Amino acid sequence: MSIRAVICGTGHSVPEKILTNDDLSQMVDTNDEWITQRTGIRERRICSSEESCSTLSIQAAKEAIASSGIPPQEIDLVVLATVTGDYVFPATASLVQSEVGAVNAGAFDVQAACAGFIYSLSVAEAMIKAGTIRTALVLGVDTLSKFVDWTDRSTCVLFGDAAGAVVVRGETDTDRGVIKTVLLSDGTGAPHIKMEVGGSKHPFQDVKSRGLGDYIYMNGAEVYRFAVNAMGDACCKCLEEAGMDVSEVDLFVPHQANLRIIQSAAKRLGLADEKVFVNVDRYGNTSAGSIPLGLYEAEKSGRLKRGDVVMTVGFGAGLVWGANVIRW
Ligand code: UT7
């Protein structure tokens, strides 16, 4: 009997501070109408100076572990997707591992931007299926508000902070769990979303780094063009490889970057509105946090029930994109 990687607990964490479109219109030359019409975003959550990638992650992880009912000592691996970890190193996954009492787990971060949760879940699933591990804590978390240029209206209105977590366990005799994943990348699109300074090419302390981008840069129109095709392509490929039809999907939980991108992907896939999960209006683009936060809210609100087929898809800096189909 083959092993399936079953999601058996979910958790989340968002900062308390809410930043509305009206608040932003006091900071840069923008307004609620523009932001709502172009993106669907009405408000987003922003970290305080005491909050960071690890604080949100630890809260989300503790909730996921409690809801799974699995003792933290039984977790074999912590995989955390982020591009905004507490430090360049050590990995934020290690900070989470010790705080949640996962004393027998290995830990590492995965860097795949807004597709990060799909990538990190696929790593855990592969290791579970190979028999290397039985139980994993998988997180997607980002705190992009810390890296946004708050004078740049073309980016600062888009992003928010959030963490989502799941506990995944290998089980036999079940049709639940991750059914199929596709992961894709096209590095020729790397210039379209980036933060140049802080890595080994342009270290912070290097004088040559002065004048280079130490905030998020994004060519929104290029990313938009890429995203509308990438979302549909990844979902079609994933369903085809799973031998499934889109009619078998009960809920679509896409990366929440922009309502127009979500709607165009749903239209291409032929998914009715009631099958499409949207919370971009309340959180904005939370990067790797977006999909696990969506799964968490969908489950808590009763839209995602045990046995349902859920399809997730994400895209972001890299460029990277991917999708997975899961029986909940
Ligand atoms: O997680 C993955 C990462 N990113 C994404 O998914 C983002 C993908 N891209 C997008 O979502 C959209 O391209 C944006 C929402 C970023 C922009 O929407 P758009 O419809 O592509 O607008 P635009 O960039 O073509 O700008 C249209 C106009 C420009 O003015 P002009 O040149 O026509 O006079 C901008 O300067 O809107 C202006 N503009 C704004 N106006 C008011 C840009 N940002 C703002 C703003 N408020 N915040």
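The values are calculated or read from the model by the stated rules, or taken from the named source; none is laboratory data. None of these values were measured; they are calculated from a predicted model. Methodologically, a virtual Cβ is constructed for each residue, glycine included, from the backbone with ideal geometry; neighbour enumeration extends over all protein chains shown. Ligands, DNA and RNA are stripped out before the accessible areas are found, and what is left, the full protein with its side chains, is counted by its heavy atoms. Shrake-Rupley method; radii C 1.70, N 1.55, O 1.52, S 1.80 Å.
Quick look at the values:
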{"item": "Derived scalar couplings ³J(HN,Hα) [the range 266-271; Karplus, 6.51 cos²θ - 1.76 cosθ + 1.60; whole Hz; x for Gly, Pro]", "result": "4, 5, 4, 7, x, 8"}
{"item": "For the chain, convex hull volume per residue from C-alpha positions, Å³", "result": "130 Å³"}
{"item": "Dipole magnitude of the chain, debye to nearest 20 (Cβ charges: Lys/Arg +1, Asp/Glu -1, about Cα centre)", "result": "420 debye"}
{"item": "Amide H contacts under 5 Å for residue 81, placed H, 5+ residues apart", "result": "110, 139, 140, 141"}
{"item": "Mean separation of Cα contacts under 8 Å, 6 or more apart, over the residue count of the range 42-178: relative contact order %", "result": "31 percent"}
{"item": "Pairs of Lys in the range 178-327 closer than 25 Å at Cα, counting only those 8 or more apart or on different chains", "result": "13"}
{"item": "Those chymotrypsin sites (Phe, Trp or Tyr not before Pro) in the range 25-132 that DSSP places in a loop and that have at most 15 other beta carbons within 10 Å", "result": "87"}
{"item": "Sites residue 2 and residue 185, calculated FRET efficiency, Cβ-Cβ separation with R0 30 Å, nearest 0.05", "result": "0.60"}
{"item": "For the range 6-17, 3J(HN,Hα) per residue [Karplus equation, 6.51 cos²θ - 1.76 cosθ + 1.60, θ = phi - 60°, Hz, x = Gly/Pro]", "result": "9, 7, 10, x, 9, x, 8, 7, 10, x, 6, 5"}
{"item": "Beta bridges per DSSP with both ends in the range 178-327, % antiparallel, nearest 5", "result": "75 percent"}
{"item": "Radius 14 Å from Cβ of residue 182, net charge of other residues (Lys, Arg +1; Asp, Glu -1)", "result": "-3"}
{"item": "Cleavage-rule hits (trypsin sites (Lys or Arg not before Pro)) in the range 173-203: DSSP loop, at most 12 neighbouring Cβ within 10 angstrom", "result": "201"}
{"item": "Per residue accessible area of the chain, 1.4 Å probe, in Å²", "result": "42 Å²"}
{"item": "Sequence-separation-based contact order of the chain, relative, with Cα cut under 8 Å and 6+ spacing, percent", "result": "25 percent"}
{"item": "Calculated FRET value between residue 33 and residue 150, using beta carbons and R₀ = 25 Å, to 0.05", "result": "0.75"}
{"item": "Beta bridge orientation in the chain: antiparallel %, DSSP, nearest 5", "result": "70 percent"}
{"item": "Portion, in percent, of the accessible area of the chain that falls on carbon or sulfur, probe 1.4 Å", "result": "49 percent"}
{"item": "Ratio Rg/Rh [Cα only; Rh per Kirkwood] for the range 37-148", "result": "1.00"}
{"item": "Phi to ³J(HN,Hα) by Karplus 6.51 cos²θ - 1.76 cosθ + 1.60 over the range 165-170, Hz, x for Gly, Pro", "result": "9, 9, 9, 10, 10, x"}
